[in-house]
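Below: the structure, in C-alpha cells.
The values are calculated or read from the model by the stated rules, or taken from the named source; none is laboratory data. Worth saying up front: this structure is predicted, and the values here are computed from it rather than measured. Heads up, the Cβs are rebuilt from the backbone with ideal geometry, glycines too, and the neighbour counts pull from every protein chain shown. For accessibility, only protein heavy atoms count, side chains too; no ligands or nucleic acids. Shrake-Rupley method; radii C 1.70, N 1.55, O 1.52, S 1.80 Å.
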Amino acid sequence: DRSLQYLRNFVATVSRGIDRHKFTAVEGDEALTVTDEKESSTTITTKFISSLAAGKNLPDDVDPILSVLSRKTGFHDHLHHESMIQNQKQKVKLTHLTLLDGDNNQIHARLATHLADIGRQLVEGDIIKLELFTPLTYHVKEDSPLMPALFILQYSRVGHAPVPLQKSIQAMLRCEPTKQPPTEAPAYNILDPLTQPPPECTFDKRLCRKFGVNFIGRCICEEIPVDKRNLEIIAEDCYLVSANDGIDKLKNKNKRIMLYWWYATNIYSLNGKGNRGKLPDCLEYAIKAKYPEKDSSDWTGYKDGSKPKKKKIQLN
C-alpha cells in the first residue's frame, strides 16, 4: 500500500536516531533506506567528481559515498509535453543537493520527484551512499561551461560528520571539453513504433542531448530505461492522471502521459511558465513502444504550443 509505504519512510526518517530497528522495512518499500550509523562505513569516496568531469567511466560495482553540503527543496511550475494538456500546470516539489566527495570537490544533484519529501530531511554533514543514480552534464546557460551533475533515484543515509571549512572546499569543476558534433533539431514528425524502426541515438547523433542536459556515454533510454520506471510511484506525484482504480486499469495513453511528465520534470527540468519542449525522439519512441496504441492513426504528434498570429483584415 503506497500510503503505508510513505508513512514508513517518513517515520523512519524523522526518528532516524531513535529506535529505528523497531520500524523495519517490508517488501515493496522504495527509495530511502536508513542504516545504523555504527555499522556504516563513512569513508567518503575520492576522485569521484573529478572522474565525472573528465568523462571517465565509473565502476559499476561501487556505490559512491558523498557528503551533503547543502539542500534546497521548493516548488516549481510544470508544463506538460503533451499538446492536449499544454495549458495545465502543476506545482512540482523538487529537492536539489550540493554534494562533496573525499577531495572536497562539489557537484550539483537532484533527487527524483518521489524522493523530494524524504530528501527534505537531509542536512549539512549527512553522509549518503548513492545506490542508483545517473551522471549528467548540463549548461546553466547556453553559453556557460559544461558542468557535471547527478540525478539520484535511490540513496541511503549512512552517517553524519562536520563538513570541511569553506576555504577547503574546491570550486565547481567544469567538464573537460570533448569534440561532439551539434545535435540537429529533428522535425516534429509523428513517431510510430508500430511501423517505424527506432531512431538512432549515437555519439555522433545524440538525440537526447537537449535542454542543456547531456548523457555521458550512452543514450537516456539505456541510462534511465523506460521499463524500469515504477508507474505506481510516479502516480503519487503526477497530477495529470488519476490512478485511483490501479495502474492496470489505465489506458496506455495515460501511462505514456505519466512517463512524459516524469522525464520532463526529473531529467530535463521542463518546469516554469512557458518552459516546455519536445522530448527527444529516442525517448518518445521508447515510451510509445512500451505502451503503444492499437492503430497508427491514434498517435498524437507534438505541437510547439505557440499561438498563431491573428491575420489582419483590411476593409476596402
Quick check: is even one residue across segment 90-110 modelled with pLDDT under 90, hydrophobic (A, V, I, L, M, F, W, C) and outside any loop (DSSP other than H, G, I, E, B)? yes
Failed condition for Y138, given (1) in a strand (DSSP E or B); (2) open to solvent by 30 Å² or more (accessible area, probe 1.4 Å); (3) in contact with a Ser or Thr (Cβ under 8 Å, 6 or more places away or on another chain), with all others met? (3)
Using the structure shown, decide if G277 is at pLDDT below 85, within 30 Å of E200 (Cα to Cα), open to solvent by 20 Å² or more (accessible area, probe 1.4 Å) and not in a helix (DSSP H, G or I). no
Residue match in segment 199-220 (condition: over 13 Å from the mean Cα position of the chain (by Cα), among the β-branched types (V, I, T) and closer than 17 Å to E293 by Cα): no
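Those residues that are among the small types (G, A, S) and over 20 Å from Y268 (Cα atoms), I need them from segment 101-150; list them, please.
Taking segment 101-150 first, the residues among the small types (G, A, S) are 102, 109, 112, 116, 119, 125, 144, 149.
If the condition is that a residue be among the small types (G, A, S) and over 20 Å from Y268 (Cα atoms), then G102, G125 are the ones that fit.
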Can you name the number of the only condition in (1) under 18 Å from P135 (Cβ atoms); (2) of a type outside the set (S, T, Y); (3) open to solvent by 30 Å² or more (accessible area, probe 1.4 Å) that N266 fails? (3)
Let me spell it out: the conditions are (1) out of contact with any Ser or Thr (no Cβ under 8 Å at 6 or more places or on another chain); (2) in contact (Cβ under 8 Å) with a residue 40 or more places away in the chain, and S144 meets all of them except one. Which number is the exception? (2)
